[in-house]
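**Student:** To start, I am sharing the structure in question, which I have written as structure tokens.
Read-outs throughout are calculated quantities, based only on the coordinates presented, and are distinct from any laboratory measurement. These numbers were taken from a predicted model, which means no experiment stands behind them.
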Amino acid sequence: MKLIDYRLTTRIIATFVVMVALVLALGATSVWTLRSNAAEAQALIASVKDPAVAQKAEAIGRAGDSATALIAGLVAFSALFGLGLGWAVRRSVKGPVEEVVAAVTRIANGDLATKISATGRDEIAWLNHELNQMRKKLQSTIADVRQSAEQVALASSEIASGNADLSVRTETQASGLGDVSEPHGAFRLGRHGGDERAADQL
């Protein structure tokens, strides 16, 4: 698996754990080296039969023990501080990232009214600011589309009303033409009938 396949907070914690492990390894190596050198020095000094040298050897041994304890304490403090710092960084990243995810989910679900908090000056605050700008532009675009749709619906209604009015006028005019053509046909029929009667009389 690639490193990018893991969550950001997991990678942060893993980085701090590796750093703490390195500090512990370095401290353990230093303590072991110091104890080995102190033991060799004490063995070498013990071979010399001189009370003054023996006292100095004891003083050196006590100083070595103090240095070993100091190094061990510093290593332990560094390890705990590293773990605490890693946990704090994880929390400082995880919370805002979860807020960004929640905000994007709300926008995807159609909630464009809720403002996204953009406090701070880090990259996540910058991302929140840009998400707010995107939300405002989406609101403006949707308002424009809605207005255009309403205008199209109004125009369609006006066209449908005009077509209905035109259909009514066409039917009225057709009915009027029918009324005019009926007397004309009756007149022609009467005239032809008169001609036929005159021919019969002849």
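**Student:** Debye calculation, C-alpha points only, no solvent: report log10 I(q)/I(0) for the range 3-111 at q = 0.16, 0.18, 0.19, 0.22 Å⁻¹, in the same order as the q values.
**Tutor:** Rounded to two decimals, the profile gives -0.82, -0.91, -0.95, -1.08.
**Student:** I've got another one for you. Using only alpha-carbon positions, what ratio does the radius of gyration of the range 82-132 give when scaled by 2.2 N^0.38 Å?
**Tutor:** 1.29
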